[in-house]
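The values are calculated or read from the model by the stated rules, or taken from the named source; none is laboratory data. Bear in mind the structure is a predicted one, so any value in this text is a computation, not a measurement. A quick note on method: Cβ atoms are made from the backbone with ideal geometry, for glycine too, and the neighbour counts reach across all protein chains shown.
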Amino acid sequence: MARAVTNNRKAFNTALAWLVGLLIFFPILWTVLTSFKTEAQAINDPPLFLFFDWTLENYSVVQERSDYLRYLWNSVFIAGGSTLLGIVIAVPAAWSMAFVPSRRTKDVLLWMLSTKMLPAVGVLYPIYLLFIQLGLLDTRIGLTIVLMLINLPIIVWMLYTYFREIPAEILEAARMDGASLREEILYVLTPMAVPGIASTILLNFILAWNEAFWTLNLTAANAAPLTAFIASYSSPEGLFYAKLSAASTMAIAPILILGWFSQKQLVRGLTFGAVK
Amino acid sequence: MATQHSRTAARFMMAPAVFLLLVWMLVPLTMTLFFSFKKYLPLRGDSMANGLEWVGFANYVRFVGSSSFWPSIQATLIIVGGVLVVTIVLGVLLAMLLDQPMWGQGIVRILVIAPFFVMPTVSALVWKNMFMDPNNGLLAYLWKAFGGTPVEWLSQAALPSLIMIVSWQWLPFATLILLTAIQSLDSEQLEAAEMDGAPVLARFWFIILPHLSRAITIVILIQTIFLLSIFAEIFVTTGGAFGTKTLTYLIFQRVLESQNVGLGSAGGVYAIILANIVALFLMRIVGKNLDA
Amino acid sequence: MGKIALKHVTKSFGATEVIPPLDLDIEDGEFVVFVGPSGCGKSTLLRLIAGLEDVTSGMIEIDGNDATKVPPSKRGLAMVFQSYALYPHMSVRKNIAFPLRMAKVDEAERNRKVEAAADILNLTDYLERRPGQLSGGQRQRVAIGRAIVREPEAFLFDEPLSNLDAALRVNMRLEISELHQSLKTTMIYVTHDQVEAMTMADKIVVLNAGRIAQVGSPLELYRSPQNIFVAGFIGSPKMNFIEGEEAGKHGAHTIGVRPEHLALSTDGGTWEGTVGVAEHLGSDTFLHVHVDGIGALTVRAQGEAGLNHGDRAHITPDPERIHRFDSDGLALA
């Protein structure tokens, strides 16, 4: 039972929470606002908040100058591809761990997680060399594979936690009903785990979208996703606040919207079910 | 609890994931280990085809002997530790605030969570240019408005600035997890404590904090994994200057900027060892926590 | 045909032997109930028959063919689970049709069979609903429907009624019995409730710690239990056991008398004691009597026994119905 709270107290909480919330959100808000200003207005002293001449000019300039859509497509391809590939490999693995656990299951899971802790920079050059050898450098396929591999442990973990909540009896019932293993996974397990699989996809899509080590180091012109697109604005000549803001807004908007939808699942997903 | 048949099937179905991760881990690791004992400067004509000169532990000795090594370890620990402290302390406070009854809770939550979805390159650029820039940054205006001299954040106070940028990105994550944990606290426990005469601070210290310990462990674990390898934020803001060169960044410079693969690989091995020490310690905690 | 034979079947989990070597024959069309306290291995035994667990050694024959290595989907058995194990994402129709779909039965035939089953089970109006929208009893029926459309060699029931409330349990018990009468298919039914076992079974298999304590018809078990375990497990209220001097008079280590075989009077009998708690059920009264020199005995009196707490009463056992056991707990002839 929540205790009755006076309206005064509630108003105070509300004001404080909104203040803090807006403060945290402010950099994003400011970026979005600035993206609609002219360059001169963007560095106006004092800063302009809402009363300026709104313009969409920056967006078209950014698209023209840097071909935003190509970066966007690369981001979608790499993040989407790596996530789906990861799911296809992880679903059977998670099924095994959740429904046919052995004494080693926990060790395998922890080992998988530990590969995430391997510092990427420690193996950067070997991967770089291998990529040259295999002709994967600066290709979408190459990056898709790498991002799939770095997120695979998280995908397996998340699916494992979701699968474990599905009663084994239902899968046994399918087996008794004459379903083969493939049918059991395809017709019974997967549809039942749809919410879990969906949030796994969402979270890993976000992680892959924002990944900024491999995407910066293994791409040049051809396969560069939005992370690299933005990084190109860090050089001094690109220092136009309004355009930087427009580019930033375009880079984060898709994922921000996606993220807001999945924020509830995010907690369970990222904590591997350890916090509910 | 399964049949031989399903155990065999399970092994087959786990094989692709295990195999891929094993290859992903072992192949580059072996190569890094191999390079770390070699003189390998691609720009000076060294290549695998010509055979590389074996130099023993020279690279290892040189890497540690370099004047950048210990500062880089220090910078790494300060950043990771600093971000952890900031996000957890603020996260607990924020989670407790958001747990209070209020109007528009859902919207506030969305505002608070937003930074987590911002890609690191964007957040670093936005902070660097639009907030921390000593001429046109918003913080500079603020300082001037109060009659102060604008601070050159990313050179005069580079480490704290970096910690603040990274904390901004990770505070939402910590808050969300701690909030979820707080919401699972049985309010009768708090009421009982209140009946027992425990003042607010005591209730926080003896009931809320212990209840959060598990969530805090998880936050520490997951953030550490990601924080040990932060790269884009440094790459974009300071480029490793002004004492923000972490171990990751130092190795990056050795390998890609100075093109000294042997030396960089030796550094990579150190980074792997460091990560393993941290991992070993964290895995114990997680392993224990997962049993429940 | 649903003749099932277990030959020297054992099951161990790691070093723990759950089922020591066990032999059992189940005839075609029989309704067999495995009963025993929790942890006695009855569910494990059912899962071995189903093929959801491997036997550690021994052989399982279905219709005279060795089925030990046959996967569950190929054994031709249908199972109703304790939790019903319905597919929550499918409608009732799809749930019941699932085994047919797996058997590649064409759609028209599938619908015909599903509707026939729904008709028998009073589910016709619910075919398009999801399991989540059904009551416990209805879910149970869907689970049964899913089992009957397969026309299996045998039905396996794993404590199917334990999640239902008492009134519904009695109804479903009847329905399952009627189903057996009309289908005449072998049914193997696992329960910890001896009332279910007594009311439904042709043959009861009482299990204790993985071993078969006794196999027989309900009345055989009631009349002549072969050991103290079966004597105490079958029948409600429980049989009274008396040890020591009084048992010695009958040449046994322990004697047992059912509460219904004790006659109560106020003016004289074999034993005398003080009435403790009396439980009035209307049709019967259970009296807990502290008998001098023996201890507490439960007595079942017809109707309303006119005795109250603290009254003195005399008790006489029916001499024909005294069960005698030796020191190992085995019945003496």
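Residues A:T161, A:T115: which one is more than 9 Å from chain B (Cβ to nearest Cβ) and either surrounded by fewer than 24 Cβ atoms within 10 Å (Cβ to Cβ) or modelled with pLDDT of 85 or more (or both)?
Unique residue meeting the criteria: A:T161.
Which ones in region C:258-283 are under 20 Å from C:G232 (Cβ atoms), among the charged types (D, E, K, R) and part of a strand (DSSP E or B)?
The one that is under 20 Å from C:G232 (Cβ atoms), among the charged types (D, E, K, R) and part of a strand (DSSP E or B): C:E279.
Yes/no per residue for (1) buried (at least 22 other Cβ atoms within 10 Å of the Cβ); (2) within 8 Å of another protein chain (Cβ to nearest Cβ); (3) at pLDDT 90 or above; (4) on the phi < 0 side of the Ramachandran plot:
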position: C:D25; (1), (2), (3), (4): no, no, yes, yes
position: C:E30; (1), (2), (3), (4): no, no, yes, yes
position: C:V35; (1), (2), (3), (4): yes, no, yes, yes
position: C:I49; (1), (2), (3), (4): yes, no, yes, yes
position: C:M59; (1), (2), (3), (4): no, no, yes, yes
position: C:V70; (1), (2), (3), (4): no, no, no, yes
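Which residue out of C:G51, C:G64 is assigned by TED's automatic domain parsing to the domain that holds C:D158 and touching a Pro at 6+ places or on another chain (Cβ under 7 Å)?
C:G51
State yes or no: is B:W103 aromatic (F, W, Y) and either surrounded by 23 or more Cβ atoms within 10 Å (Cβ to Cβ) or closer than 18 Å to A:A251 by Cβ (or both)?
When the stated conditions are applied, B:W103 does not pass them.
Can you name the residue in region C:184-240 that is of a type in the set (A, V, I, L, M, F, W, C) and free of Cβ contacts under 8 Å to residues at least 24 places away in the same chain and is also nearest to C:K7 (Cα to Cα) among such residues?
Checked region C:184-240; the qualifying residue nearest to C:K7 (Cα to Cα) is C:L221.
Can you tell me which of (1) in contact with a Lys or Arg (Cβ under 8 Å, 6 or more places away or on another chain); (2) more than 11 Å from every other protein chain (Cβ to nearest Cβ); (3) in contact (Cβ under 8 Å) with a residue 40 or more places away in the chain; (4) surrounded by fewer than 17 Cβ atoms within 10 Å (Cβ to Cβ) is the one C:G132 doesn't meet?
(1)
Mind telling me which of the residues C:T44, C:T16, C:T68, C:T10 ends up being under 27 Å from A:R103 (Cα atoms), among the polar types (S, T, N, Q) and touching a Lys or Arg at 6+ places or on another chain (Cβ under 8 Å)?
Going through C:T44, C:T16, C:T68, C:T10 in turn, the sole match is C:T44.
Being under 30 Å from B:V108 (Cα atoms), more than 10 Å from every other protein chain (Cβ to nearest Cβ) and in contact with a Gly (Cβ under 7 Å, 6 or more places away or on another chain) narrows it down to one of B:I208, B:I234, so name that one.
Exactly one of B:I208, B:I234 is under 30 Å from B:V108 (Cα atoms), more than 10 Å from every other protein chain (Cβ to nearest Cβ) and in contact with a Gly (Cβ under 7 Å, 6 or more places away or on another chain), namely B:I234.
Could you tell me which residue of region C:1-23 is surrounded by the most Cβ atoms within 10 Å (Cβ to Cβ), considering only residues that are among the small types (G, A, S) and over 20 Å from C:F81 (Cα atoms)?
So, considering only residues that are among the small types (G, A, S) and over 20 Å from C:F81 (Cα atoms), the one surrounded by the most Cβ atoms within 10 Å (Cβ to Cβ) is C:A5.
For region C:202-234, which positions are surrounded by fewer than 21 Cβ atoms within 10 Å (Cβ to Cβ), outside any strand (DSSP E or B) and in contact with a helix residue (DSSP H, G or I) (Cβ under 6 Å, 6 or more places away or on another chain)?
C:P218
Just to be sure I understand, how many residues within region A:39-96 are in contact with a Pro (Cβ under 6 Å, 6 or more places away or on another chain) and either of a type in the set (S, T, N, Q) or within 30 Å of A:A168 (Cα to Cα) (or both)?
So the answer is 3.
Kindly list the number of the only condition in (1) assigned by TED's automatic domain parsing to the domain that holds B:P120; (2) among the hydroxyl-bearing types (S, T, Y); (3) assigned to a helix (DSSP H, G or I) that fails for B:S229.
Going through (1) assigned by TED's automatic domain parsing to the domain that holds B:P120; (2) among the hydroxyl-bearing types (S, T, Y); (3) assigned to a helix (DSSP H, G or I) one by one, B:S229 breaks only (3).
Can you list residue pairs whose Cβ atoms sit under 9 Å apart, with the first residue in region C:81-97 being touching a residue at least 24 places away in the same chain (Cβ under 8 Å) and surrounded by fewer than 18 Cβ atoms within 10 Å (Cβ to Cβ) and the second being of a type in the set (S, T, N, Q) and in a loop (DSSP other than H, G, I, E, B)? Count only pairs 6 or more apart in sequence or on different chains.
Here the result reads C:Q82/C:S162; C:Q82/C:N163; C:S83/C:N163, each pair linking region C:81-97 to a residue that is of a type in the set (S, T, N, Q) and in a loop (DSSP other than H, G, I, E, B).
Residues that are modelled with pLDDT of 85 or more, touching a Gly at 6+ places or on another chain (Cβ under 7 Å), under 28 Å from A:F205 (Cα atoms) and of a type outside the set (D, E, K, R): does region B:85-108 have at least one?
Looking through region B:85-108, at least one residue is modelled with pLDDT of 85 or more, touching a Gly at 6+ places or on another chain (Cβ under 7 Å), under 28 Å from A:F205 (Cα atoms) and of a type outside the set (D, E, K, R).
Being free of Cβ contacts under 8 Å to residues at least 24 places away in the same chain and under 13 Å from the mean Cα position of the chain (by Cα) narrows it down to one of B:S213, B:S229, B:S258, so name that one.
On inspection, the qualifying residue turns out to be B:S229.
With B:L256, B:L280, B:L221 as the choices, which residue is within 30 Å of B:L52 (Cβ to Cβ) and facing another protein chain (nearest Cβ under 10 Å)?
B:L256
One line per residue, one yes/no per condition, for (1) free of Cβ contacts under 8 Å to residues at least 60 places away in the same chain; (2) surrounded by 18 or more Cβ atoms within 10 Å (Cβ to Cβ); (3) in the same structural domain as B:L228 (by TED's automatic domain parsing):
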site	(1), (2), (3)
B:T8	yes, no, no
B:K38	no, yes, no
B:V86	no, yes, yes
B:A95	no, yes, yes
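Could you please find all residues in region C:92-135 being over 28 Å from C:K74 (Cβ atoms) and either in a helix (DSSP H, G or I) or not assigned by TED's automatic domain parsing to the domain that holds C:L179 (or both)?
Hits for region C:92-135 are C:D119, C:T124, C:D125, C:Y126, C:G132, C:Q133.
Within region C:151-201, can you find the residues that are small (G, A, S) and crowded, with 21+ Cβ neighbours inside 10 Å?
C:A154, C:A197, C:A201
Can you tell me which residue in region B:259-277 is farthest from B:Q223 (Cα to Cα), limited to those that are more than 8 Å from chain A (Cβ to nearest Cβ) and surrounded by fewer than 16 Cβ atoms within 10 Å (Cβ to Cβ)?
Restricting to residues being more than 8 Å from chain A (Cβ to nearest Cβ) and surrounded by fewer than 16 Cβ atoms within 10 Å (Cβ to Cβ), the top hit is B:I273.
Quick check, is A:S96 in contact with a Ser or Thr (Cβ under 9 Å, 6 or more places away or on another chain), part of a helix (DSSP H, G or I) and more than 9 Å from chain B (Cβ to nearest Cβ)?
When the stated conditions are applied, A:S96 does not pass them.
Go through the residues of region C:12-32 one by one and say whether even a single one is closer than 18 Å to C:P152 by Cβ and either aromatic (F, W, Y) or assigned to a helix (DSSP H, G or I) (or both).
yes
Under 21 Å from A:T83 (Cβ atoms), facing chain B (nearest Cβ under 7 Å) and not in a helix (DSSP H, G or I), is that true of A:A212?
Judged against the criteria, A:A212 is a match.
Of all residues in region A:164-184 being in contact (Cβ under 8 Å) with a residue 24 or more places away in the chain and either surrounded by 23 or more Cβ atoms within 10 Å (Cβ to Cβ) or part of a helix (DSSP H, G or I) (or both), which is farthest from the other protein chains (Cβ to nearest Cβ)?
A:R164
With respect to B:K144, determine if the residue is facing another protein chain (nearest Cβ under 9 Å), surrounded by fewer than 16 Cβ atoms within 10 Å (Cβ to Cβ) and not small (G, A, S).
Yes, satisfied.
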